[in-house]
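**Student:** The structure is given below, and queries will be raised subsequently.
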Amino acid sequence: MKALIRLLIVVVMAGCATNPATGRRQLILMSEQEEIQIGRQSDAEIRQQMGLYDDPQLQAYVRQVGQKLVAGSHRQHLPWTFAVVDEPAVNAFAVPGGFIYLTRGILPFLRSEAELAGVLGHEIGHVDARHSAEAYSRQLGAGLGLVLAGILVPETQPLQGLAGAGLSVLFLKYGREAELESDRLGVQYASRAGWDPRGVPGMLTTLARLDEASGSTRGIPNWALTHPPAADRVERVQEVVAQASTAKGIVNENALDRYLDGLVFGDSREKGIVRGNEFLHPVLRFAIRFPEGWQVMNTDEQVAARRDENSNHIMLLQLAQGSGPLQQVAPAQMANAGWQQLNGQQASINGLDAYVGTYQGRVNNVDVRLRAAHVRAGNQTYVVAGLAPVGEFASAEPTFTAAIRTFRSLSAAEADRIQPNRIDFRIARAGDTWESLAREQGVVSAATLAIMNGRDPSSQPKPGERLRIVVAG
């Protein structure tokens, strides 16, 4: 036993080192080469799953800013890469080894090149401080738990996508001190590279406004899902800003606008578009209308709709694997996912072959009943399902069935007419308000427009100023 304890002490001490970026001693149970290997594997998966935004000039611009920041970082030798992923969420993230990503969704909310440098510098700070590597080391035990869960829970179980998203948020979220460290490093790197370090508190202020207005900014996911609240970080970073530079650095307030003109805002054609309670996929050429008033969320894995935040009535749409007769494919897939079929039959939904069944199972220790249709459209098979606790299913089933019956194919002409919303610009006129602009365009809320233009939602636009707006596709 004593020999084992001595061995553990040696292993722990070998993994401890003082990080030059933070001055802290850290327990890191992976080498830098392992960190880079994990980053490369993650990068391949991110590029495949999320996809890069198709704008070579924008990608080159972000890389240029990022590489300029790297020159003043603490780990310049890493294989740094910078990319804009084709995701509508407002976010930025880093994986170990020097792989940095911005979502296209965050770009309309950055007011200047200095703020862009602040965001990238913050994410470089996470890598330099080895926050991800440190988290990996802390969570080895948790990782074993996740592996066991993956063995015990059927991989094809409906709702896995939603549960998986929750787990990823839980394990990717950095602590408050880690975020403050990265804020400080972001200020340092931006200042060293010549940008105004006030870009960091500027972008944090915008993120704080998004947090505050998250109930009214339609379609803008809350930054605080993966980051501690930004408002309490703004004041903390001001002291670092004051120390970073006495001379005002580069702001380039309008530099981003050249790349934002025409930028896709919200859902893209390639991943399908939510319009109200309808989901349309012009590339795969199908559409479905969820119940009126339900909240619809489009993710890479599935489309989910919910009556409200407190409701247990949920609908899902996702691709199904397998070929062959639907009356064989559907029951087999559902059985493999742990669902017992109560009844089922072949059907036709708007001219498409389908198999509609009722199934029962358990989700989070709750007995759940599910109405599901496997629909064959083109060379793809889709599963559209509505589920509710067994005691509530009878009242919910007509709503589920009505929504399932709206699944339809799109003609080539219909698909061509479906275009994404995009960023545009206009000059504010006398009498314009955020509310009137939002009504005129009918795409995003007044709060979103105000925040996008670097303003508090309680303010109003000034006549003659150039505004960012969102126009319908």
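**Student:** Look through the range 34-56, keep the residues that are part of a loop (DSSP other than H, G, I, E, B) and among the acidic types (D, E), and return whichever of them is least open to solvent (accessible area, probe 1.4 Å).
**Tutor:** The residue in question is D55.
**Student:** Can you tell me which of I404, I418, I423 is touching a strand residue (DSSP E or B) at 6+ places or on another chain (Cβ under 8 Å) and either among the charged types (D, E, K, R) or closer than 22 Å to R111 by Cβ (or both)? Reasoning before the result, please.
**Tutor:** On the way: I404 fails: either among the charged types (D, E, K, R) or closer than 22 Å to R111 by Cβ (or both); I418 fails: either among the charged types (D, E, K, R) or closer than 22 Å to R111 by Cβ (or both).
Selected residue: I423, the only one of I404, I418, I423 that is touching a strand residue (DSSP E or B) at 6+ places or on another chain (Cβ under 8 Å) and either among the charged types (D, E, K, R) or closer than 22 Å to R111 by Cβ (or both).
**Student:** Same structure, new question: Would you be able to tell me the number of residues in the range 303-317 that are among the polar types (S, T, N, Q) and either under 18 Å from A402 (Cα atoms) or open to solvent by 60 Å² or more (accessible area, probe 1.4 Å) (or both)?
**Tutor:** Of the residues in that region, 2 qualify.
**Student:** Going by the conditions given, is T81 at pLDDT 95 or above, in contact with a strand residue (DSSP E or B) (Cβ under 6 Å, 6 or more places away or on another chain) and closer than 30 Å to G249 by Cα? Quick ask: steps written out before the conclusion?
**Tutor:** Details: at pLDDT 95 or above: yes; in contact with a strand residue (DSSP E or B) (Cβ under 6 Å, 6 or more places away or on another chain): yes; closer than 30 Å to G249 by Cα: yes.
So T81 passes the test.
**Student:** Okay, moving on. Considering only residues that are open to solvent by less than 30 Å² (accessible area, probe 1.4 Å), assigned to a loop (DSSP other than H, G, I, E, B) and aliphatic (A, V, I, L, M), which ones fall in the range 253-301?
**Tutor:** A255, L256, L263
**Student:** Also: Of the residues that make up the range 125-136, is at least one modelled with pLDDT of 50 or more, of a type outside the set (A, V, I, L, M, F, W, C), open to solvent by 40 Å² or more (accessible area, probe 1.4 Å) and out of contact with any Asp or Glu (no Cβ under 8 Å at 6 or more places or on another chain)? Break it down stepwise before answering.
**Tutor:** To start, the set of residues in the range 125-136 that are modelled with pLDDT of 50 or more comprises 125-136.
Next cut, of a type outside the set (A, V, I, L, M, F, W, C) only: 125-126, 128, 130-132, 134, 136.
Remaining after also requiring open to solvent by 40 Å² or more (accessible area, probe 1.4 Å): 130, 136.
Applying the additional criterion that residues be out of contact with any Asp or Glu (no Cβ under 8 Å at 6 or more places or on another chain) yields 136.
Yes, that holds for at least one residue.
**Student:** Take the conditions out of contact with any Gly (no Cβ under 9 Å at 6 or more places or on another chain), on the phi < 0 side of the Ramachandran plot, at pLDDT 95 or above and basic (K, R) and apply them to R63. Does it pass?
**Tutor:** Numbers: out of contact with any Gly (no Cβ under 9 Å at 6 or more places or on another chain): yes; on the phi < 0 side of the Ramachandran plot: yes; at pLDDT 95 or above: yes; basic (K, R): yes.
Spelling it out, R63 is indeed out of contact with any Gly (no Cβ under 9 Å at 6 or more places or on another chain), on the phi < 0 side of the Ramachandran plot, at pLDDT 95 or above and basic (K, R).
**Student:** Which numbered condition trips up A335, out of (1) more than 23 Å from the chain's Cα centre (by Cα); (2) modelled with pLDDT under 85?
**Tutor:** (2)
**Student:** A further question on this structure: Whether any residue in the range 340-353 is in a loop (DSSP other than H, G, I, E, B) and at pLDDT below 95 is what I want to check.
**Tutor:** Looking only at the range 340-353, we keep the residues that are in a loop (DSSP other than H, G, I, E, B), and these are 350-351.
Narrowing further to those that are at pLDDT below 95: none.
No, because not a single residue in the range 340-353 is in a loop (DSSP other than H, G, I, E, B) and at pLDDT below 95.
**Student:** Of the residues R455, R426, only one is of a type outside the set (D, E) and free of Cβ contacts under 8 Å to residues at least 24 places away in the same chain; which? Give the derivation first.
**Tutor:** Numbers: R426 fails: free of Cβ contacts under 8 Å to residues at least 24 places away in the same chain.
Among R455, R426, only R455 is of a type outside the set (D, E) and free of Cβ contacts under 8 Å to residues at least 24 places away in the same chain.
Let's see how each residue does on (1) closer than 18 Å to E35 by Cβ; (2) out of contact with any Pro (no Cβ under 6 Å at 6 or more places or on another chain); (3) free of Cβ contacts under 8 Å to residues at least 24 places away in the same chain:
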residue: V62; (1), (2), (3): no, yes, no
residue: V65; (1), (2), (3): no, yes, no
residue: K68; (1), (2), (3): no, yes, no
residue: A71; (1), (2), (3): no, yes, no
residue: H77; (1), (2), (3): yes, yes, yes
residue: T81; (1), (2), (3): yes, yes, no
residue: R111; (1), (2), (3): no, yes, no
residue: G118; (1), (2), (3): no, yes, no
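**Student:** Something else: Output the number of the condition that L437 fails; it satisfies all remaining conditions of (1) touching a strand residue (DSSP E or B) at 6+ places or on another chain (Cβ under 9 Å); (2) part of a helix (DSSP H, G or I); (3) in contact (Cβ under 8 Å) with a residue 60 or more places away in the chain.
**Tutor:** With respect to (1) touching a strand residue (DSSP E or B) at 6+ places or on another chain (Cβ under 9 Å); (2) part of a helix (DSSP H, G or I); (3) in contact (Cβ under 8 Å) with a residue 60 or more places away in the chain, L437 is out only on (3).
**Student:** Please specify each residue of the range 81-106 satisfying the condition of being among the hydrophobic types (A, V, I, L, M, F, W, C), farther than 19 Å from V187 by Cβ and touching a helix residue (DSSP H, G or I) at 6+ places or on another chain (Cβ under 6 Å).
**Tutor:** V84, V90, V95, F99
**Student:** Among the residues of the range 394-408, is there at least one that is part of a strand (DSSP E or B) and either without any contact (Cβ under 8 Å) to a residue 40 or more places away in the chain or surrounded by fewer than 21 Cβ atoms within 10 Å (Cβ to Cβ) (or both)? Write out each step before concluding.
**Tutor:** Residues of the range 394-408 part of a strand (DSSP E or B): 408.
Next cut, either without any contact (Cβ under 8 Å) to a residue 40 or more places away in the chain or surrounded by fewer than 21 Cβ atoms within 10 Å (Cβ to Cβ) (or both) only: 408.
Looking through the range 394-408, at least one residue is part of a strand (DSSP E or B) and either without any contact (Cβ under 8 Å) to a residue 40 or more places away in the chain or surrounded by fewer than 21 Cβ atoms within 10 Å (Cβ to Cβ) (or both).
The values are calculated or read from the model by the stated rules, or taken from the named source; none is laboratory data. Just so we're clear, the structure is a prediction, and the values are computed from it rather than from any experiment. FYI the Cβ positions are ideal-geometry reconstructions off the backbone, even for glycines, and counts take in every protein chain you see. In case anyone asks, the SASA skips ligands and DNA or RNA and just uses the protein heavy atoms, side chains included. Shrake-Rupley method; radii C 1.70, N 1.55, O 1.52, S 1.80 Å.
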